[in-house]
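The values are calculated or read from the model by the stated rules, or taken from the named source; none is laboratory data. The model shown is predicted, which means the values in this text are computed figures rather than measured ones. All Cβ positions, glycine included, derive from the backbone under ideal geometry; neighbour counts span all protein chains shown. For the accessible areas, the whole protein counts, side chains as well, though only heavy atoms, and no ligand, DNA or RNA atoms are used. Shrake-Rupley method; radii C 1.70, N 1.55, O 1.52, S 1.80 Å.
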Amino acid sequence: KKSVFGRERVLLRRSLHWISTLKNAMHEVVGLTLRKGQAVYGCVDILWDVVTSGTSTLIIGRPCSGKTTLLREWARVLSDCCNRRVIVVDTFNEIAGGDDIPHPGVGGARRVQVHNTGAQVSQLQTAARNHSPDCIIVDEVQTQEEVAALQAIRLTGIQVVAGVCASSLTDLLHHRVMRGLLGVSDPTSSTVTFPESMPVFQVAVEVHNRDHVSVHYDVTAFVRASSEGRFLLGHYRKRMITKGRQTPP
């Protein structure tokens, strides 16, 4: 059974899987792509100290690197293990599925559905203003308006955990829109300067793949070092045992 449409794809009910269409020049469907989503319980074990610290964290990774899977488990752990009020702002229902009842993979976290990217800013503001969250989790931050919304939410003291598509923190720092998440707010400058405001995130995690990550514990120090021509390496972590994790259908 199908669920929610968006960006020429459809989600399957009671699952995290979705099907995308391939179209020809006449806009006729000529092929399909099935992408399997899964809730991997325990996949944040490699980041347990970061998850339970309560700090605002930026998850950075390429497409299909596992960012959304991490965010899904992050929501479950904060809600069920840390007893925090968690709101997932779910663009295109990638984190918690396309049903009205969120997928069990997010545990007791509540979810605000966003069916188009233009509504993500208003839903972020609604979540912060109306639902009294301790933490807001959001994926696919892309626009200047979304960056500004997260900056405003961070000033209220609400923890923010967000995912962005980038290969590294350095690349994000040189992106004229996304650099605002790191406290560098001048979109017209091509150089990196000392943070002009408080970064939205204290910690940044670079996801290389499901078993390899790098953690930057101090985003402000990273930006300061970059402005001085120095490069700070993240704390590299590698999962040694992977058989103990459960991957439900």
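List of remarks:
- Residue count for the stretch 211-230, restricted to those that are of a type in the set (D, E) and open to solvent by less than 40 Å² (accessible area, probe 1.4 Å): 1
- Boolean, L233 is open to solvent by 50 Å² or more (accessible area, probe 1.4 Å), at pLDDT 90 or above and either of a type in the set (A, V, I, L, M) or farther than 27 Å from I95 by Cα (or both): yes
- Some residue of the stretch 39-52 being in contact (Cβ under 8 Å) with a residue 12 or more places away in the chain, in a strand (DSSP E or B) and open to solvent by 40 Å² or more (accessible area, probe 1.4 Å): yes
- Scanning the stretch 106-120 for residues that are assigned to a helix (DSSP H, G or I) and at pLDDT below 95 yields T117, G118, A119, Q120.
- Criterion applied to G107, G61 was being among the small types (G, A, S) and either more than 29 Å from P199 (Cα to Cα) or open to solvent by 20 Å² or more (accessible area, probe 1.4 Å) (or both), and the one residue passing it is G107.
For every residue, the table says whether it meets (1) closer than 23 Å to V51 by Cβ; (2) of a type in the set (D, E); (3) open to solvent by 40 Å² or more (accessible area, probe 1.4 Å); (4) in contact with a Lys or Arg (Cβ under 6 Å, 6 or more places away or on another chain).
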{"residue": "G118", "(1), (2), (3), (4)": "no, no, yes, no"}
{"residue": "S122", "(1), (2), (3), (4)": "no, no, yes, no"}
{"residue": "N130", "(1), (2), (3), (4)": "no, no, yes, no"}
{"residue": "Q159", "(1), (2), (3), (4)": "yes, no, no, no"}
{"residue": "G163", "(1), (2), (3), (4)": "yes, no, no, yes"}
{"residue": "S168", "(1), (2), (3), (4)": "yes, no, no, no"}
{"residue": "D171", "(1), (2), (3), (4)": "no, yes, yes, no"}
{"residue": "L182", "(1), (2), (3), (4)": "yes, no, no, no"}
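- Condition check for S79: crowded, with 20+ Cβ neighbours inside 10 Å, hydroxyl-bearing (S, T, Y) and free of Cβ contacts under 8 Å to residues at least 60 places away in the same chain: yes
- Subset of the stretch 128-174 (residues that are in a loop (DSSP other than H, G, I, E, B) and of a type in the set (V, I, T)): V141, T143, T156, I158
- Annotation note: Cβ proximity below 6 Å between a residue of the stretch 141-159 that is under 14 Å from M198 (Cβ atoms) and among the aromatic types (F, W, Y) and a residue that is open to solvent by 10 Å² or more (accessible area, probe 1.4 Å) and part of a helix (DSSP H, G or I) (sequence gap 6+ or interchain) occurs for no pair.
- Filter pass, D99 being over 21 Å from Q123 (Cα atoms), of a type in the set (D, E), open to solvent by less than 90 Å² (accessible area, probe 1.4 Å) and out of contact with any His (no Cβ under 9 Å at 6 or more places or on another chain): no
- Of the residues making up the stretch 13-38, those that are open to solvent by 100 Å² or more (accessible area, probe 1.4 Å) and either small (G, A, S) or part of a loop (DSSP other than H, G, I, E, B) (or both) are R13, R14, M26, H27, E28, K36.
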